[in-house]
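Note sheet for the following structure.
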């Protein structure tokens, strides 16, 4: 995507060199040096400016404030979910090792900051949009991984209020996925089974960390959750790739996911949160040793020096207590 | 450390089960479930309450508001740096796999929030306190790693205003150190040299990422820095363990470190930041393949869904630009 000539009040469009992928010289840790996003050292800030409704670029009627849509999911009322290029992409389509993409998924046409407040059919549109974009990314052989994620609330990294999520298309496998897949391969080799299927079976047997269960999905408090009330959603039937989800599964997940977000919002007073989907790489077809899932991280505690320096998390809420609490919350 | 009977206004002392170390069931990722720190899910919050000077537990004259000091560094004026047990420890001395400790290093007797505002001799006291505590930790054969770190500012995780840092004593090697040491072992095997010595030599040759250099230390912008203006300080002479630092090195480091913090404060308008020391494990003596260093992370951008989900950082300031900027900042 080239820089295009359009303006949104708080943005200035500048031509800058392409961002770069760098590996730490010591450990296997990657950084995207993304000069498209912000400016000189003293200009960097992470605040979310207050939104003026008349200039919200994600509201219906303001489509001219964003680049042209890459995808739109519509019904008789008009578009319901709209996907546009990110104006300050972490990665862009270029030649070379930093080839990638960065898309914004606008989750609803009206101005609503909270995904939890949207009706179930809007969740169905959203999940279908994710699915469509991953299927489309498979057309580009240089793309390796589609990172679907959401930053909800300024403290979780959101820079615009209107409900939205993002997809970063990566030219290499993220380290977190490398580790999960390697664990899956080792478990498969040792037992012949999927490590996530085994985890889920064990959790359903034990029961104390289960938060919600539907016909096709389970939501559970992560055993070693890094954040208070960290929750994972897994499909019950083994599947490595999110984009293979069926329409029936989308309907079921839309319901369960909405219920979970509503419980969180009610139980924690609308906390900031992140979620992301871990799925099989674009370069692979069905994998017996990996199992796609969604990880939801409420961000009510910070990430401080100990956590970054040690790579250890500190979680002040035992996951069993978190699950019991969320099971009870009415919404 | 047992729960002791003392009270500070904003704390309630409660008896709770010991915190637990948990490994994620899929990947090599550890979490301390620390029920000493906070309470029920709906009570968790990460705000720093405003400090009332008359109740600051770290000010001289208020020593009765903290547990008894573990160590005090004094001169003719009284204590200059004071080390006390953390009242809400991430880990405590217990039997079993979660044995550890958690100390608070009070960096000055008077009420001063900013370490950068302290005189050089106070930095000397601080570095000596770190050294003494690591030497003391070596007496306990169950301790494996001393994580020395600082959270400066509420956005970097500080919960009290008065300048302080912390030491968490761990019964196992943090994953980040495992990775660094493994990289050092591999490089040593391949080249016969220390990977950090080679990195430093290369950076001094290239020059563009060097921020400060003294007789015995180098401060440089990390090549793949995760955060804008991420800076590493390394001793020029190879040394694996921080606690082997000489008095001459402490004096030299106190100067350089103070200058760096003052440049950051002046150049970024007193930003929140974390720093931590990566040093050789307590269970090892001098290692040819590891090199202690300090990592300083300004926290002017957040950690959001993409960073956590992928394990990739996004840094909007190229390290070369960060170094050039900090070299120029007057303070």
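Here are the numbers for the structure shown:
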{"item": "Of B:99, B:238, B:64, the one that fluctuates the most in a GNM where chain B has Cα springs shorter than 10 Å", "result": "B:64"}
{"item": "Chain A: angle of helix A:247-267 to the longest principal axis, Cα-based, in degrees nearest 10", "result": "90"}
{"item": "Residue order, fewest to most surrounding Cβ atoms within 10 angstrom, among B:246, B:114", "result": "B:246, B:114"}
{"item": "Whole-angstrom Cα spans of region A:78-222 along principal axes, big to small", "result": "46, 42, 29"}
{"item": "For residue A:193, inter-copy label distances in nm, listed shortest first [label point 7 Å out on the Cα-Cβ vector]", "result": "5.0"}
{"item": "Cβ-vector label at 7 Å, residue A:117, separations to other copies in nm", "result": "4.1"}
{"item": "Of every Cα-Cα pair in the protein assembly as shown, the percent that sits beyond 34 Å", "result": "45"}
{"item": "Residues of region A:226-269 with amide N under 19 Å of the 7 Å Cα→Cβ point at residue A:173", "result": "A:239-244"}
{"item": "Histogram of C-alpha separations across region B:124-191, 5 Å bin width, %", "result": "3, 14, 17, 17, 19, 16, 9, 3, 1, 0"}
{"item": "Closest approach to the axis - chain A beta-carbon, rotation onto B, Å", "result": "A:303, 3"}
{"item": "Ratio of the Cα radius of gyration of region B:176-328 to 2.2 N^0.38 Å, where N counts its residues", "result": "1.05"}
{"item": "Top of B:27, B:185, B:105 by mean-square fluctuation, Gaussian network on chain B, Cα under 10 Å", "result": "B:27"}
{"item": "For chain A, projected area of the alpha-carbon convex hull averaged over all directions, nm²", "result": "17.8"}
{"item": "Packing-based exposure ordering (other Cβ within 10 Å, fewest first) of A:20, B:263", "result": "A:20, B:263"}
{"item": "Fully extended contour minus Cα-Cα distance, from residue B:142 to residue B:330, at 0.36 nm per residue", "result": "63.1 nm"}
{"item": "Projected area averaged over orientations for region B:137-245, convex hull of C-alpha atoms, nm²", "result": "9.1"}
{"item": "Normalised contact order of region A:89-216, rounded percent, pairs of Cα under 8 Å and 6 or more residues apart", "result": "26"}
{"item": "Paramagnetic reach from residue A:97 (point 7 Å along Cα→Cβ, amide N under 17 Å) across region B:213-235", "result": "B:223-226"}
{"item": "Mean Cα-pair separation over length for chain B, i.e. relative contact order, pairs under 8 Å, 6 or more apart, %", "result": "16"}
{"item": "Over region A:158-201 - Rg/Rh using Cα atoms and the Kirkwood inverse-distance radius", "result": "1.22"}
{"item": "Region A:176-328, relative contact order [Cα under 8 Å, separation at least 6], %", "result": "32"}
{"item": "Column: log10 I(q)/I(0), Debye, Cα scatterers of region A:103-156, q = 0.14, 0.25 Å⁻¹", "result": "-0.46, -1.07"}
{"item": "Chain A: angle of helix A:319-328 to the longest principal axis, Cα-based, in degrees nearest 10", "result": "80"}
{"item": "Acute angle (nearest 10 degrees) that the helix B:195-206 long axis makes with the longest principal axis of chain B, alpha-carbon atoms", "result": "60"}
{"item": "Ellipticity estimate at 222 nm from DSSP helix runs (n ≥ 4, -39,500 (n - 2.57)) divided over the protein assembly as shown, nearest 500", "result": "-8000 deg cm²/dmol"}
{"item": "Test item: B:220-227 mean partner chain Cβ contacts at 10 Å", "result": "5"}
{"item": "Fluctuation leader among B:63, B:249, B:307 - chain B, Gaussian network, Cα springs under 10 angstrom", "result": "B:307"}
{"item": "Mean Cβ count within 10 Å, highest first, over the residues of peptides A:201-208, A:283-290", "result": "A:283-290, A:201-208"}
{"item": "Nitroxide proxy distance, nm - points 7 Å out along Cα→Cβ at residue B:198 and residue A:204", "result": "5.0"}
{"item": "Number of partner chain Cβ atoms within 10 Å, mean per residue of B:294-304", "result": "6"}
{"item": "Shielding of A:274-280 by partner chains, average beta-carbon count, 10 Å", "result": "3"}
{"item": "7 Å along Cα→Cβ, label-point gaps from residue A:94 to other copies, nm, shortest first", "result": "5.1"}
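Any read-out appearing in this document is the output of simple, stated calculations on the displayed coordinates, not a laboratory observation. Just so you know, these numbers come straight off a predicted model, no measurement behind them. We place every Cβ from the backbone using ideal geometry, glycine too, and count neighbours over all the protein chains shown.
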